[in-house]
């Protein structure tokens, strides 16, 4: 039996390419100039039947756009020590002593540097050709970082939560300065040795969740040693960004799981966090997010005068990979974008949510296609919120296109398709810069 996580649109590719002048159908917006990077697992060699989707070696794919043309496609494996060994290449890097050295979850441009990221191990620095330059420790020996650092548009600071994949019941809140150096770090005690995949923030608080996905080393994939604790409690914490000595304010919540937030913001009464929420994860299916508990769009309201979280279902469709206009991070954002993974019509779709009115628009791919995370790119630096473009990968088992949608008219479908010289396997996250 072949693992379901390496078949169809998730099957790995085997070639590293560098191709110029890509074919385009439709018209790429002339203002859309820069590079889209995508990251995901791309195992080298055979995999076990019980292979975990999150465990494959990381491969970065980049598509360059310039003034209405698609000028380049390039893809490369991140040269972790295990990847270099598999490819028979020499490496000057020492093996990672704790955590999984896989660098396969996101690629982000931070403080002028492109980083390949995953939780539990250091980031890897990449150059313009996607060659691996080395590990990044932010000038302070940081070992366990995250796939999801977030830049505060008001301050330029980068906030992130990292943890070690061991028995330590804690995580660490990092603040990275605009110069790419560690500015501060704070240990946060958790209810157990838990995964904290992502976080959110407001101008005054970092928002951290403490949910019962816990380390179980016996019988688990060593790269993804997590199991759902059916008896575990759950809570959400507010960490004061201005007073390092202030205790974390914890709010009890019904057990659930969240990989990713849409956004968070302050109100007169507390903090609101919009999230893609699962009832549980890695419980029935320990090899990936295949449990019968699909993610939906929820709102958590943390009231300063209450000890619990008010939860409200915003949209019951099966959806993940949320993005917003990142100029709105930490403040009230009207628009949020998610990917409907499996629709009532059996096709993936990009959803554009109006978080103020509750309305939404969508564009569905053809049956049998998979869609990746839709990255929002403003049309100009001074464009209004939501005035811009959504970039996503549309794949079949044989090929991939980059689709570009007008974020103000998602239902109209792609204004352009860039036909890629090689399929991009279903992956996780990316960036445009």
Study note, to complete from the structure: Of those in segment 112-145 that are under 18 Å from the mean Cα position of the chain (by Cα) and assigned to a loop (DSSP other than H, G, I, E, B), the residue surrounded by the fewest Cβ atoms within 10 Å (Cβ to Cβ) is 144
Exercise for review: Tell me, please, whether a residue that is more than 24 Å from residue 150 (Cβ to Cβ), touching a helix residue (DSSP H, G or I) at 6+ places or on another chain (Cβ under 7 Å) and buried (at least 23 other Cβ atoms within 10 Å of the Cβ) can be found in segment 388-411.
Suggested key: yes
Review point. Name the residues in segment 228-279 that are surrounded by fewer than 19 Cβ atoms within 10 Å (Cβ to Cβ) and over 28 Å from residue 152 (Cβ atoms), would you?
Key: 230, 231, 232, 233, 254, 255, 279
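Do you know which residues across segment 319-347 are under 28 Å from residue 108 (Cα atoms), modelled with pLDDT under 95 and more than 17 Å from the chain's Cα centre (by Cα)?
342
Which residue out of 161, 258 is in contact with a strand residue (DSSP E or B) (Cβ under 9 Å, 6 or more places away or on another chain), under 29 Å from residue 112 (Cβ atoms), in contact (Cβ under 8 Å) with a residue 24 or more places away in the chain and in a strand (DSSP E or B)?
Working: 258 fails: under 29 Å from residue 112 (Cβ atoms).
The unique qualifying residue is 161.
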Practice item. Restrict the check to segment 272-280 and report whether at least one residue is within 25 Å of residue 427 (Cβ to Cβ), outside any loop (DSSP other than H, G, I, E, B) and touching a helix residue (DSSP H, G or I) at 6+ places or on another chain (Cβ under 9 Å). Key: no
Revision key, fill the gap. When residue 214 is run through (1) touching a residue at least 24 places away in the same chain (Cβ under 8 Å); (2) part of a strand (DSSP E or B); (3) crowded, with 16+ Cβ neighbours inside 10 Å, the failure sits at (1)
Check your understanding: In segment 286-315, what residues are part of a loop (DSSP other than H, G, I, E, B) and within 21 Å of the chain's Cα centre (by Cα)?
Key -> 286, 287, 288, 289, 290, 291, 293, 294, 295
Review point. Out of all the residues in segment 196-207, is one or more touching a residue at least 12 places away in the same chain (Cβ under 8 Å) and under 19 Å from residue 97 (Cα atoms)?
Key: no
Revision key, fill the gap. Just one listed residue, out of 383, 374, is buried (at least 22 other Cβ atoms within 10 Å of the Cβ) and at pLDDT 95 or above, and it is 374
Review point. Could you give every pair whose Cβ atoms fall below 8 Å, whose first residue belongs to segment 70-93 and is free of Cβ contacts under 8 Å to residues at least 24 places away in the same chain, and whose second residue is crowded, with 18+ Cβ neighbours inside 10 Å, counting only separations of at least 6 or pairs across chains?
Key: 81/96; 81/101; 89/79; 91/79
Study note, to complete from the structure: Within segment 153-179, residues being crowded, with 22+ Cβ neighbours inside 10 Å and over 19 Å from residue 139 (Cα atoms) number 1
Review point. Going by the conditions given, is residue 182 surrounded by fewer than 20 Cβ atoms within 10 Å (Cβ to Cβ), farther than 22 Å from residue 60 by Cα and modelled with pLDDT of 95 or more?
Key: yes
Exercise for review: Determine whether segment 234-250 contains at least one residue that is part of a loop (DSSP other than H, G, I, E, B), at pLDDT 95 or above, in contact with a strand residue (DSSP E or B) (Cβ under 7 Å, 6 or more places away or on another chain) and within 25 Å of residue 165 (Cα to Cα).
Suggested key: yes
Point to revise | Matching residues in segment 45-75 - criterion: being closer than 30 Å to residue 27 by Cβ, modelled with pLDDT under 95 and within 16 Å of the chain's Cα centre (by Cα) | key: none
Check your understanding: Taking residue 231, is it modelled with pLDDT of 95 or more and not in a strand (DSSP E or B)?
Key -> yes
Exercise for review: For residues that are farther than 17 Å from residue 282 by Cβ and crowded, with 22+ Cβ neighbours inside 10 Å, tally how many sit in segment 44-60.
Suggested key: 4
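The values are calculated or read from the model by the stated rules, or taken from the named source; none is laboratory data. Computed from a predicted model, the values in this text were never measured in an experiment. Every residue, glycine as well, gets a Cβ built from its backbone with ideal geometry; the counts of neighbours run over all protein chains shown.
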